[in-house]
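Here the structure comes first, spelled out in C-alpha cells, and everything after it is commentary.
The values are calculated or read from the model by the stated rules, or taken from the named source; none is laboratory data. Small disclaimer: the values here were computed from a predicted structure and weren't measured. Here Cβ is always computed from backbone atoms with ideal geometry, including for glycine, and neighbour counts include all displayed protein chains. Only protein heavy atoms, including side chains, enter the accessible area calculation; ligands, DNA and RNA are left aside. Shrake-Rupley method; radii C 1.70, N 1.55, O 1.52, S 1.80 Å.
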Amino acid sequence: MLKNIILAAGEGTRMKSNTSKVMTKILNREIISYIIDACDIENSKTILIAGKNKALIEEKFPNLEIREQKIGEDYPYGTAYAVSMALDLLEDEDDIIILNGDIPLITKNSLNSFYNFHKENNNNLSVMSTEIDNPTGYGRIIRENGKFKKIVEQKDANKDELKVKEINVGIYAFKAIDLKESLKKINTDNKSNEYYLTDCIEILNNENKKVESYVASNPDQFYGINNKKELAEAGSILRKRINEYHMLNGVIIENPDIVTIEKDVKIGKDTLISGPCKILGKTSIGESCIIEGSSRIEDSEIKDKVKIDNSVIEKSFVDEGTDIGPFSHLRPKSKLGKNVHIGNFVEVKNSNIDDGTKAGHLAYIGDADLGKNINVGCGVIFVNYDGKFKHRSIIEDDAFIGSNSNLVAPVHIEKEGYIAAGSTITKNVEEGNLSVERAKQVNIPGYVEKKKKRDLKKLKEQN
C-alpha cells in the first residue's frame, strides 16, 4: 500500500502571522488542503505530521491520521525526526511518499508520475528534483558522472556545490523497510544539529541500495511558501492555472488576473466573467451566464443563462434565466426559480421564490415562500423575527405587495391577494382581496404660517 506522509509541523515564523502556515488560506483554501488533494492517489492513505497546530488540523481534517511532532528545547529537530512520528503506522511492504505541507502548487499528476518511476525502477529510495535559475536556499542535487550521489543543504554546501542548479524539492519515495532501517542510523552531525531525512540517501548508497533521482518539469509546482509575499505569488500562479483551465473549456474571462476561482468550481461554456469576481467553494455555474462586477458566489448552484451583477450569493440555488443585482445579497438557503428578478439592494434569506416573481429594489425577503409571478414593491420588508424566534410567511401566486409594506410573520397572502402601499399586515389575506392598513390621513391647514410665527418669536426671545 502507498502511504503519504505530509510534514506540516513547521511553525512558520517567517509568515509573521497568528495562523499556522499550513492552515493559512490561498484562494480561499488552506495551503495544506492542496497537498492533501494531490496525494489522493488510488489505493493510498495520507498521514499528517502536525506540531502545535495539531488541534486546528484535526478540526479541519477529522478523517485523516494525524500524529504530533513535539517542538521545543527538550525535543529533537529535523525532517527525519518528524517522519519517525509515523513509523508505527507503516508496514514493511508499504511504499512511502514524503513531502512538505507548504507546496500548494504540487499536482496529483506529478506525484503519480514520481510514484510510477519509483515502482518501475524498483528503487529503494527515489528523490524528486527540478532545475531552477536561482537555487539559493535549496538543497542541491549532487551527481558524479551523471549519477545521483547525494543532497547537500545550502548551509552545508561548498563553493562548487552552491553553483548547482538542480535542487531537491523535498519529495521522497521509499520502500518502508528501507525508511525504517535508515532512520535508525541518522545522527545530528551537521551545522544545524538536526536529523536530516536526506541523510538516508548516503546511508542507503553505502549499503548498495538503489537510489535514483527523478527530475520533474515545471518547477513552479514546487513553490514553497515562507512569507506573505510568497503566499501572494503562489496565489497568482494557482489563479492563472485554474483560470486557464476554464478558458480552455469554453468560459470567457475578460481579465483573468483579477478573477479568483476556487479549485472545485464548475463553470459551463460561453459563460462570461467580467470584473474582479470571486467564485468559491463547491459552486457550479451553468452555460451562457453573465457574472460581472465585484460579485462573490460561494457554495451555490447557478443554472443556465443567469445574470449576476455586483452581488453576493451564498449557499443558494438560482434557476435558469434569472437576473440578480446590482448590489443584491442572497444569504444561505435561498432558492430562486426561473426568470426571477432580484433587483438592486434586495436581500433574500432562507426563502423560496418561484418562477417569474420580481423584487425590483430595496426589499428584504426573509424566511418566506413566494409563489409565481408575484410583484414585491420597493421598500417591502418581511418582518420575520419577534426578538426570540423566526417565523415564515407564505405568499401565493400572482399576489401584489405594494411599496413600503411590512409583512409581519407568520402571515399568509393567498392567490392574487393585493397589499396596498404603506400597509403593515399582521393578519392573513384571502384570495383576491385587497388589504389596506393605514392610519387616517389628517391635513392641518395653516400649519406652515403658524410655525413661522412661532419660530420668529423664539428667535426674538433668544436675542
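Odds and ends about this structure:
- Inside the stretch 26-52, residues that are modelled with pLDDT of 90 or more, outside any helix (DSSP H, G or I) and among the polar types (S, T, N, Q) make up a count of 3.
- Count of residues meeting criterion [of a type in the set (A, V, I, L, M), at pLDDT below 90 and under 60 Å from the mean Cα position of the chain (by Cα)] in the stretch 415-463: 2
- Selection within the stretch 198-250 - part of a loop (DSSP other than H, G, I, E, B), open to solvent by 30 Å² or more (accessible area, probe 1.4 Å) and of a type in the set (Ser, Thr, Tyr): Ser217, Tyr223
- Taking the criterion of being part of a loop (DSSP other than H, G, I, E, B) and open to solvent by 60 Å² or more (accessible area, probe 1.4 Å), the residues of the stretch 54-106 that qualify are Pro62, Asn63, Lys70, Glu73, Asp74, Tyr75, Tyr77, Glu91, Asp92, Glu93.
- Against the list (1) assigned to a loop (DSSP other than H, G, I, E, B); (2) open to solvent by 50 Å² or more (accessible area, probe 1.4 Å), the condition Leu362 fails is (1).
- From the options Lys388, Lys338, Lys372, Lys333, residue that is of a type outside the set (Gly, Ala, Ser) and modelled with pLDDT under 95: Lys388
- Residue match in the stretch 157-171 (condition: at pLDDT 90 or above, out of contact with any strand residue (DSSP E or B) (no Cβ under 8 Å at 6 or more places or on another chain), under 30 Å from Met1 (Cβ atoms) and of a type in the set (Asp, Glu)): no
- Residue pairs meeting the criteria (Cβ under 7 Å; at least 6 apart or on separate chains; first among the hydroxyl-bearing types (Ser, Thr, Tyr), in the stretch 166-187; second part of a helix (DSSP H, G or I)): Ser182/Cys200; Ser182/Ile203; Ser182/Leu204
- Test: residue in the stretch 407-417 that is of a type in the set (Val, Ile, Thr), under 15 Å from Asn373 (Cα atoms) and crowded, with 17+ Cβ neighbours inside 10 Å: yes
- Taking the criterion of being in contact with a strand residue (DSSP E or B) (Cβ under 6 Å, 6 or more places away or on another chain) and open to solvent by 50 Å² or more (accessible area, probe 1.4 Å), the residues of the stretch 293-314 that qualify are Arg296, Glu301, Lys307.
- Options Glu320, Glu347; residue that is open to solvent by 40 Å² or more (accessible area, probe 1.4 Å), over 28 Å from Ile32 (Cα atoms) and part of a strand (DSSP E or B): Glu347
- Within the stretch 145-177, tally of residues that are assigned to a strand (DSSP E or B) and open to solvent by 60 Å² or more (accessible area, probe 1.4 Å): 3
- Of the residues making up the stretch 184-197, just one is surrounded by 21 or more Cβ atoms within 10 Å (Cβ to Cβ) and hydroxyl-bearing (Ser, Thr, Tyr), namely Tyr196.
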